[in-house]
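**Q** Sharing a structure, written as structure tokens. Questions coming.
The values are calculated or read from the model by the stated rules, or taken from the named source; none is laboratory data. Quick caveat: nothing in here was measured; it's all calculated off a predicted structure. With ideal geometry, Cβ positions are generated from the backbone for all residues, glycine too; neighbour counts draw on all protein chains shown.
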Amino acid sequence: MTTTNRTERSATTGTDRSTITNTARSTPTPPSTPPSYFNTMYAGAADPWDLAGRWYEQRKYALTVAALPRRRYRRAFEPGCSVGVLTGLLAERCDAVLAADRVPAAVEAAARRNRDRSHVEVRTMAVPDEWPEETFDLIVLSELLYYFDDATLREVLQRTVDSLEPGGTLVTVHWDHPVEDHLRTGTQLAPLLTGLDGLAPVARLDDADFVLHTFTRRLPDGSAVPAPAAAEGLV
């Protein structure tokens, strides 16, 4: 899933909806964005957010890929892949990529876009209820997490950490302006991500329009993976 149409934004209420907790809440979190929203978007256009055409998206994707701390990855997972534009860029850095989306039209478009990349697989999958059994050394959550209510977001993040191999990389990037169909902004998601157990921060970019994080899964002894400069003996 991706950011809403840039020409159709509307502000959310001023309520802070960024806190995830297992305790009872006096004000329930709004429910996750319903599947009908995404089905309607793809029924109206093949690429409803113009991911393949907008410079905003191209620049964001370039920064996302540039934030990866390793040159190559064995296997990546990209849930919410939409029409597969970022999928193709990840494929250049990975031996295998599993991309997924809940909307069949998006899955068909992503598979078609990446049909010449035999190491890319695209599945119809509604996370977190459907989740791959494999483990990955790269997971990319791009424009996805703000669609989930608290309970669902907790499950997505837990499944993400559980599926990420020790030493693996997690990259998240999310639109940072209020949108009616988003439960959180990138800034509101930030403390939830940085507070995840088992992850070590690598980089954070607070762009004018989005927030990007890179983490690595800590090694079994609890240590963090060496940063690129240290890995190459520069420091």
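**Q** Here is a list: GLU78, GLU108, GLU155. Which entry is under 21 Å from PRO35 (Cα atoms), surrounded by 23 or more Cβ atoms within 10 Å (Cβ to Cβ) and either modelled with pLDDT of 95 or more or touching a Lys or Arg at 6+ places or on another chain (Cβ under 6 Å) (or both)? Break it down stepwise before answering.
**A** Details: GLU108 fails: surrounded by 23 or more Cβ atoms within 10 Å (Cβ to Cβ); GLU155 fails: surrounded by 23 or more Cβ atoms within 10 Å (Cβ to Cβ).
It is GLU78.
**Q** Let me ask you something else. Give the residue that is nearest to VAL140 (Cα to Cα), with candidates limited to residues of the stretch 171-180 that are buried (at least 19 other Cβ atoms within 10 Å of the Cβ) and of a type outside the set (A, V, I, L, M). Walk me through how you get there before you give the answer.
**A** The initial filter retains those residues of the stretch 171-180 that are buried (at least 19 other Cβ atoms within 10 Å of the Cβ), namely 171-176, 179.
Remaining after also requiring of a type outside the set (A, V, I, L, M): 172, 174-176.
On the way: THR172: 6, HIS174: 11, TRP175: 15, ASP176: 17 Å.
Applying the filter and picking the extreme gives THR172.
**Q** What number goes with the only condition from (1) touching a residue at least 12 places away in the same chain (Cβ under 8 Å); (2) surrounded by fewer than 15 Cβ atoms within 10 Å (Cβ to Cβ); (3) not basic (Lys, Arg) that ASP149 does not pass?
**A** Every condition holds for ASP149 apart from (2).
**Q** Quick check on ALA110: is it more than 23 Å from LEU205 (Cα to Cα) and in contact with a Pro (Cβ under 6 Å, 6 or more places away or on another chain)? It would help to see each step written out before you state the result.
**A** Numbers: more than 23 Å from LEU205 (Cα to Cα): yes; in contact with a Pro (Cβ under 6 Å, 6 or more places away or on another chain): no.
No: the conditions fail for ALA110.
**Q** Taking the condition in contact with a Cys (Cβ under 6 Å, 6 or more places away or on another chain), at negative phi and not charged (D, E, K, R), does THR64 pass? Can you show your working first?
**A** On the way: in contact with a Cys (Cβ under 6 Å, 6 or more places away or on another chain): no; at negative phi: yes; not charged (D, E, K, R): yes.
Answer is no for this residue.
**Q** Identify the residue in the stretch 145-172 that is touching a helix residue (DSSP H, G or I) at 6+ places or on another chain (Cβ under 8 Å) and not polar (S, T, N, Q) and, among all such residues, is nearest to TYR61 (Cα to Cα).
**A** By that ranking, first place goes to VAL171.
**Q** Also, I was wondering about something else. Pairs only if they're at least six apart or on different chains, beta carbon under 7 angstrom, first in the stretch 177-198 and within 18 Å of ARG218 (Cα to Cα), second crowded, with 20+ Cβ neighbours inside 10 Å; list them, first residue then second.
**A** Listed pairs, sorted by first residue: LEU193/THR172; LEU193/HIS213; LEU196/LEU157; GLY198/ARG217.
**Q** Return the residues of the stretch 129-150 that are under 20 Å from ALA190 (Cα atoms) and out of contact with any strand residue (DSSP E or B) (no Cβ under 8 Å at 6 or more places or on another chain); say none if nothing qualifies. Quick ask: steps written out before the conclusion?
**A** Quick first cut of the stretch 129-150, residues under 20 Å from ALA190 (Cα atoms) only: 138-150.
Those that are under 20 Å from ALA190 (Cα atoms) and out of contact with any strand residue (DSSP E or B) (no Cβ under 8 Å at 6 or more places or on another chain): TYR147, PHE148, ASP149, ASP150.
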